[in-house]
Amino acid sequence: MVNATNKTALVTGAGGFVGCWVSAWVKARGFRVIGVDDYSSNGQRLLDMVDRSLIVDHFEQIDVCDLDRLKVVVERERPEVLLHFAGQAIVPEAHRNPFATYRSNTLGVVAVLEMLREYEFCKTLLVATSDKVYVNY
């Protein structure tokens, strides 16, 4: 097991299915977990159905494309690890609103990469997404 004492992980998309479970897993391994999500998708969220402190230590509602607000959180929290799961993963929603999907899924990654160019304290970045964990409507 990883010894993550005094380490911080920032999880984007922490309100989504994958981001929430990864946040809980990382927290269980000793990381301090900072979660961000814009809550733009519909439906119930595990993060809202349980004691949030079991999953994240701190949560902020932020659009991952909002580089200025994201930088404020990163500068304040100084995460060593960034796990990027923010994005629109519902395929039917992508068909209904392709511009918003493209913005979130493409410019969101660009915003994270651009932000991390400035911060040497963040040594690890993981970018992932999946539409395979959702039911199509």
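Brief remarks follow.
- The residue that is modelled with the lowest pLDDT, counting only those in the range 31-85 that are touching a His at 6+ places or on another chain (Cβ under 9 Å), among the hydrophobic types (A, V, I, L, M, F, W, C) and surrounded by 22 or more Cβ atoms within 10 Å (Cβ to Cβ), is Val64.
- Extreme residue, surrounded by the most Cβ atoms within 10 Å (Cβ to Cβ), among residues of the range 1-15 that are aliphatic (A, V, I, L, M) and assigned to a strand (DSSP E or B): Val11
- Among the candidates Val56, Val11, Val22, residue that is over 16 Å from Ser130 (Cα atoms) and touching a residue at least 24 places away in the same chain (Cβ under 8 Å): Val56
- In the range 65-85, the qualifying residues are those that are touching a residue at least 60 places away in the same chain (Cβ under 8 Å) and part of a helix (DSSP H, G or I), and the one that is farthest from Asn6 (Cα to Cα) is Val73.
- Extreme residue, least open to solvent (accessible area, probe 1.4 Å), among residues of the range 124-137 that are modelled with pLDDT under 90 and either closer than 15 Å to Arg69 by Cα or out of contact with any His (no Cβ under 9 Å at 6 or more places or on another chain) (or both): Ser130
- Taking the range 16-30 as the range and being assigned to a helix (DSSP H, G or I) and crowded, with 20+ Cβ neighbours inside 10 Å as the test, the residues that pass are Val18, Gly19, Cys20, Val22, Ser23, Val26, Lys27.
- Members of the range 46-64 that are farther than 23 Å from Val74 by Cβ and part of a loop (DSSP other than H, G, I, E, B): Val50, Asp51
- Residues of the range 106-135 that turn out to be in a loop (DSSP other than H, G, I, E, B) and either over 21 Å from Cys20 (Cα atoms) or among the acidic types (Asp, Glu) (or both), as a count: 7
- The range 86-123, residues that are free of Cβ contacts under 8 Å to residues at least 24 places away in the same chain and surrounded by 16 or more Cβ atoms within 10 Å (Cβ to Cβ): Ala94, Thr101
- Test: residue in the range 90-105 that is closer than 28 Å to Glu118 by Cβ, part of a loop (DSSP other than H, G, I, E, B) and not β-branched (Val, Ile, Thr): no
The values are calculated or read from the model by the stated rules, or taken from the named source; none is laboratory data. On a predicted model such as this, the values are computed, not experimentally measured, just so you know. All Cβ positions, even for glycine, are placed from backbone atoms using ideal geometry, and neighbour counts span all protein chains on display. In case anyone asks, the SASA skips ligands and DNA or RNA and just uses the protein heavy atoms, side chains included. Shrake-Rupley method; radii C 1.70, N 1.55, O 1.52, S 1.80 Å.
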